[in-house]
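Each remark here refers to the structure printed beneath this line.
The values are calculated or read from the model by the stated rules, or taken from the named source; none is laboratory data. Note that the coordinates shown come from a computational prediction; the quantities given were computed from them, not determined experimentally. Note: ideal-geometry Cβ built from the backbone for every residue, glycine included; neighbour counts use all protein chains shown.
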Amino acid sequence: MCLTVFQRLVEANGISYSQIGRLEVGTETLLDKSKSVKTVLMSLFEESGNSSVEGVDTTNACYGGTAALINAVNWIESSSWDGRYAVVVAGDIAVYASGNARSTGGAAAIAMLIGPNAPLILDQRVRATHMQHVYDFYKPDMTSEYPTVDGKLSIKCYQHALDKCYQEYTHKVHQQHLIENFTVSSANAFVFHSPYCKLVQKSLARLVLNDFLRDPNPDFNGLYNGLEEFRKIELESTYFDKQVESTFVKCSEKAFLQKTKPSLYLANRIGNMYTPSVYSCLLSYIMNQSLADLPGQRIVLFSYGSGLASSMFSLHITQDNSSGSSLEKLYHSLSGIKSRLESRVKFSPKEFEETLKLREKTHHIAPYVPIGSTEHLFPGTWYLTEVDDKHRRKYAQKPASPLCDGHANMEQHMAQDSQQTATA
């Protein structure tokens with residue numbers, strides 16, 4: 001997947017591999033305890049002769065893609081930048097042991113181009129981060145792809161991290177004199193890491209709860225009508241309070257429908273993606289807006305990885321949506337996503353279970369030749385052909401169709417505007 005989206009990103013943007021000076025991969029789907037996925041992607045650079053490419057893999061559950069993005073933007077802003085592009089690839093396969101969680105799994109990869117003339121511009125001044133040592137979701141068995149999960153603790157950790165990041169983010173926005181009193185109404189969209197979509201709706205509701213408790217003079221005749229009884233509650237006591245949860249989900253419903261639900265298009269159809277999850281939500285939001293409505297929008301993102309690492313940050317969309325602009329190109333590059341999803345082949349739950357049983361049996365086996373068919377792969381897709389007796393993996397590419405639209409893919413194009421603080 002990472003080979004596929006990286007190559008398509010380069011081709012869709014009409015750049016050469018020699019123009020890339022940094023490549024970093026965010027993933028928790030480890031194929032090797034030493035060799036990075038990034039080094040495999042370097043095979044695409046061979047013809048260009050460019051081996052001067054900084055960056056390796058970044059790993060912490062679902063947060064690795066965000067850490068890689070932050071590193072890439074910081075590189076471009078630093079004295080180390082040599083004028084070339086940076087690329088971030090976030091990719092994972094989310095599989096679970098047999099049980100209730102199995103149906104929530106998914107797989108995806110997203111590639112991001114960081115460079116000048118950005119359609120999406122990161123605001124580096126107000127990024128908020130919360131890190132903590134917990135065992136909510138982890139993978140201690142190196143022979144298995146399946147995680148060890150404490151479901152209740154994981155939900156609590158996610159909500160606590162969201163509270164901490166939002167509190168720091170709103171403080172920094174005020175401190176930077178950007179917005180006097182930042183609330184959910186202050187941004188056009190809020191997108192979240194999405195293990196499952198119901199958690200995302202509850203997360204926006206939790207931000208409204210934070211706004212309510214922070215507001216010195218809440219309007220009990222307006223948005224907060226009938227919420228007087230919750231005025232003195234403590235955030236720490238609300239993680240599993242169903243009354244508070246349902247009340248603020250209802251209170252925030254209008255904001256959710258406008259600012260967050262459009263971001264769940266891909267998550268609803270693919271499932272959990274781990275590192276690409278929050279960026280798939282960003283893509284979904286953009287492609288569900290009209291091009292005319294996008295300029296100047298502020299989008300707030302919350303990225304979470306168990307263990308735990310989390311950040312809240314924002315970007316704004318460039319004002320230029322004219323013909324040939326980077327924003328127009330980004331917008332139209334997403335136009336084929338829906339048709340590609342609709343062209344997927346359906347398999348029964350029984351076939352899905354059998355596929356995962358085969359995966360369990362063959363995971364880490366060497367030598368091994370995959371027995372799956374490449375018939376249903378999209379043209380241009382890279383796939384595994386062989387694992388030799390020394391666990392060395394070989395890949396091949398399905399020939400590209402001359403009718404294949406080079407822009408109809410799931411790559412995310414992000415860049416840095418040299419006139420702005422940072423870009424994505």
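Of all residues in region 127-148, those that are of a type in the set (A, V, I, L, M) and touching a Cys at 6+ places or on another chain (Cβ under 7 Å) total 2. I'd like the residue in region 37-67 that is of a type in the set (S, T, N, Q) and over 22 Å from Tyr304 (Cα atoms) and, out of all such residues, is surrounded by the most Cβ atoms within 10 Å (Cβ to Cβ). In this case the residue turns out to be Asn50. Which of the residues belonging to region 339-348 are touching a residue at least 40 places away in the same chain (Cβ under 8 Å) and not charged (D, E, K, R)? Result: Ser339, Leu341. Six or more apart or on different chains, Cβ atoms under 7 Å: show the pairs whose first residue is in region 360-382 and more than 17 Å from Asp32 (Cα to Cα) and whose second is surrounded by 14 or more Cβ atoms within 10 Å (Cβ to Cβ) and at pLDDT below 95. What qualifies is Pro379/Ala400; Pro379/Cys404; Gly380/Ala400; Gly380/Cys404. Annotation note: of Ser314, Ser333, the sole residue that is surrounded by 13 or more Cβ atoms within 10 Å (Cβ to Cβ) and closer than 30 Å to Tyr135 by Cα is Ser314.
Kindly indicate whether any position in region 358-369 is part of a loop (DSSP other than H, G, I, E, B), touching a Ser or Thr at 6+ places or on another chain (Cβ under 9 Å) and among the aliphatic types (A, V, I, L, M). The answer is yes; a qualifying residue exists. Looking across region 336-354, the residues that are in a helix (DSSP H, G or I) and not small (Gly, Ala, Ser) come down to Ile337, Lys338, Arg340, Leu341, Glu342, Pro349, Lys350, Glu351, Phe352, Glu353, Glu354.
Scan region 195-217 for residues that are farther than 30 Å from Ala61 by Cα and surrounded by fewer than 18 Cβ atoms within 10 Å (Cβ to Cβ) and jot them down. Leu213, Arg214, Asp215, Pro216, Asn217, listed by residue number. If you go through region 26-58 and pick out every residue that is among the aliphatic types (A, V, I, L, M), over 24 Å from Gly106 (Cα atoms) and either modelled with pLDDT under 95 or part of a helix (DSSP H, G or I) (or both), you end up with 2. Please work out if Ala67 is within 27 Å of His363 (Cβ to Cβ), in a helix (DSSP H, G or I), at pLDDT 95 or above and within 20 Å of the chain's Cα centre (by Cα). Spelling it out, Ala67 is indeed within 27 Å of His363 (Cβ to Cβ), in a helix (DSSP H, G or I), at pLDDT 95 or above and within 20 Å of the chain's Cα centre (by Cα). Is it true that some residue in region 256-272 is of a type outside the set (Val, Ile, Thr), under 19 Å from Ala161 (Cα atoms), free of Cβ contacts under 8 Å to residues at least 60 places away in the same chain and in a helix (DSSP H, G or I)? No: zero hits. Does Leu113 meet the test of being crowded, with 21+ Cβ neighbours inside 10 Å, in a helix (DSSP H, G or I) and either acidic (Asp, Glu) or in contact (Cβ under 8 Å) with a residue 60 or more places away in the chain (or both)? No; evaluated as a whole, the condition is false for this residue. In the condition set (1) over 16 Å from Asn60 (Cβ atoms); (2) touching a residue at least 24 places away in the same chain (Cβ under 8 Å), Leu153 is compliant with all but (2). Has region 175-196 got at least one residue that is part of a helix (DSSP H, G or I), under 23 Å from Ser311 (Cα atoms) and touching a helix residue (DSSP H, G or I) at 6+ places or on another chain (Cβ under 6 Å)? Yes, that holds for at least one residue. What is the residue count in region 247-267 for residues that are under 22 Å from Thr104 (Cβ atoms) and of a type in the set (Ser, Thr, Tyr)? Total meeting the criteria: 3.
Of all residues in region 154-176, exactly one satisfies the criterion of being of a type in the set (A, V, I, L, M, F, W, C) and surrounded by fewer than 18 Cβ atoms within 10 Å (Cβ to Cβ), namely Ile155.
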